[in-house]
Amino acid sequence: MSGVEPVAGSGGGAAGAPPQLQEMLDRARGALANAHAPYSRFRIGACVRAGSGRLYAGCNVENASFPVTQCAENTAIGAMVAAGDRQIVEVVIVTEGAEPCPPCGRCRQQLTEFAGPDMRIYLCGPEGVRVTATLGELLPMAFGPRTLTRPT
Ligand code: THU
């Protein structure tokens, strides 16, 4: 299976999916395979596509001091910023669990720093895309960079 076929009722899938999606999914799966998740045993891979077209993957990195854990999206965003990109065009998140895995609240806020409300997020499982959502759907009325605009 290619991995990007639509799931009935998911609202996402191959028809409206960009051609880069399969590569993003492959990159996210590759990162998931390297996840450091000995405590939760819940491995996550993420891949962000930047405005430049470059892809950045990340996995969750857990810590014996549990709150220090870093999410997969956070890892991918950090790699993107370190490489000089500042705009996220779309995101793939892949897990092995039975349910689609939406980004946590902190990750939604981190995505908002580098993406607008129309940015698409593909929630994937081993079989492919399960759900497609926009950042605006997942984090409406977000506090973002523009909120900080002050009169000059
Ligand atoms: N996790 C992520 O990597 N991204 C999220 O958006 C939600 C949670 C990770 C953190 C932890 O390693 C594991 O999932 C279980 O919470």
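The values are calculated or read from the model by the stated rules, or taken from the named source; none is laboratory data. The model shown is predicted, which means the values in this text are computed figures rather than measured ones. Virtual Cβ from ideal backbone geometry, glycine too; neighbours counted across all protein chains shown. To get the accessible areas, we keep the full protein, side chains included, count just its heavy atoms, and leave off ligands, DNA and RNA. Shrake-Rupley method; radii C 1.70, N 1.55, O 1.52, S 1.80 Å.
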Set Arg54, Arg27, Arg43: member being of a type in the set (Lys, Arg) and touching a helix residue (DSSP H, G or I) at 6+ places or on another chain (Cβ under 6 Å)
Arg43
For the range 52-71, how many residues meet the condition of being of a type in the set (A, V, I, L, M), more than 8 Å from the ligand (Cβ to nearest atom) and crowded, with 16+ Cβ neighbours inside 10 Å?
2
Tally of residues being at pLDDT 55 or above, buried (at least 16 other Cβ atoms within 10 Å of the Cβ) and assigned to a loop (DSSP other than H, G, I, E, B) across the range 1-26
4
Just to be sure I understand the filter: pairs with C-beta atoms under 7 Å, separated by 6 or more residues or on different chains, first member in the range 125-152 and over 14 Å from Cys107 (Cα atoms), second member aromatic (Phe, Trp, Tyr). Which pairs pass?
Val129/Tyr122; Thr132/Tyr122
Can you tell me how many residues within the range 27-51 are in a loop (DSSP other than H, G, I, E, B) and open to solvent by 70 Å² or more (accessible area, probe 1.4 Å)?
5
Which listed residue, of Arg108, Arg86, Arg41, is of a type in the set (D, E, K, R) and away from the ligand (no atom under 11 Å from the Cβ)
Arg86
